[in-house]
Amino acid sequence: MKLASLMHGRDGRLVVVSRDLTRATDAFPVVATLQAALDDWERMAPRLADLAEGLEHGSVPSFRFHEHDCAAPLPRACQWLDGSAYLNHVELVRKARGAAMPERYRTDPLMYQGGSDAFLGPRQAIEARSEEEGIDFEAEIAVVTGDVPMGATPAEALGLVRLVMLANDVTLRNRVGDELAKGFGFLQSKPPSAFSPVAVTPDELDSAWREGRLHRPLLAQVNDNPFGRPDAGADMTFDFGTLIAHAAATRPLGAGTIIGSGTVSNREAGGGPARPMGEGGIGYGCIAELRAVETIRHGEPKTPYLRFGDRVRIEMKDPHGHSIFGAIEQEVLPHV
């Protein structure tokens, strides 16, 4: 089934959405918010699934679904933990600044804890104080968990994935270096993240969801120009079961925890860095990776970060060309 939260108060108004994203029905007769559903998933999920089936058959009241009415599926969450599961991205960014990737990164996932109290909806603007902060998007896959016990194995953790969605983990690149130099992680360089209009249950993804990975191209555009189409299932070193188990190694995770994949990143077929889409390549899931490749090739980056007025679109389509989660589509605006 597909679930969305329409803008309403702090936690949104939960609706069940049709598979083709054209219609919705109010979930209020069952449960008011997605967080409340996650807190009692074993009881609520079957009832929501019945609503979804009724929506498909036209047997429940429905209304036109508009993505621009959506908040994030979870407008605020227990926690937001973002990994860096695509080591190609990590390796390229480090190589561009002359740093080797530590060997332990191949076995011990990178992960940071971000702010989760005020996520952006899929059409809400990316706001920044200045273009000089190095405004970047990061196209990612994210999952929402149920309650995960401390010490869960990767297999156990994977079985506790309740929903899958897309994310734009916005980054202010020119703040990153100073923050990481303090040795205490991200804060100011990570403004609110945005999520797709719709979150879907893994069974809705059919064979594309397997081995803890989502095997479909993730499409990114900047100002209506194709920027990247890396396959989210390829080159993902750590699957979501491993990422969740890593997060739960020393503490339980509450229902509604969001785990991000990090920027989706692929190598070219020959093993080298991806080429820009304008050169016939698969492109990139963020500007920083393109700038890293430009630095490796030419000695310096050529592509600027996002400017005010720029637009970013992130979407995933099924094999028939239909949008699965709806689109994240955001304009970059000055904060006033």
Return a yes/no flag: does segment 99-107 have any residue that is among the acidic types (D, E), in contact (Cβ under 8 Å) with a residue 40 or more places away in the chain and out of contact with any Phe, Trp or Tyr (no Cβ under 7 Å at 6 or more places or on another chain).
-> no
Test for D20: is it open to solvent by 30 Å² or more (accessible area, probe 1.4 Å) and under 22 Å from L214 (Cβ atoms) | yes
Tell me which residues, restricted to segment 192-217, are more than 23 Å from D69 (Cα to Cα) and touching a residue at least 24 places away in the same chain (Cβ under 8 Å).
-> P202, L205, A208, W209, E211, G212, R213, L214, R216, P217
Condition met for V143 (more than 18 Å from F308 (Cβ to Cβ) and surrounded by 16 or more Cβ atoms within 10 Å (Cβ to Cβ)) = yes
D108 surrounded by fewer than 18 Cβ atoms within 10 Å (Cβ to Cβ), modelled with pLDDT of 95 or more and either within 27 Å of G262 (Cα to Cα) or touching a Leu at 6+ places or on another chain (Cβ under 9 Å) (or both) = no
Would you mind telling me which numbered condition in (1) over 17 Å from the mean Cα position of the chain (by Cα); (2) part of a helix (DSSP H, G or I); (3) surrounded by 15 or more Cβ atoms within 10 Å (Cβ to Cβ) V60 fails?
-> (2)
Assess whether E156 counts as being more than 18 Å from E331 (Cβ to Cβ), of a type outside the set (S, T, N, Q) and open to solvent by 10 Å² or more (accessible area, probe 1.4 Å).
-> yes
Extreme residue, nearest to H322 (Cα to Cα), among residues of segment 185-221 that are crowded, with 20+ Cβ neighbours inside 10 Å and aromatic (F, W, Y) = W209
May I ask you to list the residues in segment 1-11 that are open to solvent by less than 40 Å² (accessible area, probe 1.4 Å) and touching a helix residue (DSSP H, G or I) at 6+ places or on another chain (Cβ under 7 Å)?
-> M1, K2, L3, S5, L6
Which residue pairs have Cβ atoms under 8 Å apart, sit 6 or more places apart or on different chains, and have a first residue in segment 267-296 that is at positive phi and a second that is in a helix (DSSP H, G or I)?
-> G283/M277; G283/L290
Working carefully through the options G283, G326, G278, find the one that is at pLDDT below 95 and not acidic (D, E).
-> G278
G159: at positive phi and of a type outside the set (D, E), yes or no?
-> no
With respect to V164, determine if the residue is in contact (Cβ under 8 Å) with a residue 24 or more places away in the chain, under 20 Å from S193 (Cα atoms) and buried (at least 21 other Cβ atoms within 10 Å of the Cβ).
-> yes
Filter segment 23-40 for residues that are part of a helix (DSSP H, G or I) and open to solvent by 30 Å² or more (accessible area, probe 1.4 Å) and give the result.
-> Q35, A36, D39
E300 is checked against (1) part of a loop (DSSP other than H, G, I, E, B); (2) in contact (Cβ under 8 Å) with a residue 12 or more places away in the chain and fails just one. What number does that condition carry?
-> (2)
Of the residues that make up segment 248-268, is at least one modelled with pLDDT under 95, in contact with a Gly (Cβ under 9 Å, 6 or more places away or on another chain) and more than 29 Å from T145 (Cβ to Cβ)?
-> yes
Picked from segment 222-261 (must be assigned to a strand (DSSP E or B) and surrounded by fewer than 20 Cβ atoms within 10 Å (Cβ to Cβ)), the residue nearest to the chain's Cα centre (by Cα) is D231
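The values are calculated or read from the model by the stated rules, or taken from the named source; none is laboratory data. Fair warning: this is a prediction, and the values are worked out from it, not measured in the lab. Every residue, glycine among them, receives a Cβ derived from its backbone with ideal geometry; neighbour counts consider all protein chains shown. Only protein heavy atoms, including side chains, enter the accessible area calculation; ligands, DNA and RNA are left aside. Shrake-Rupley method; radii C 1.70, N 1.55, O 1.52, S 1.80 Å.
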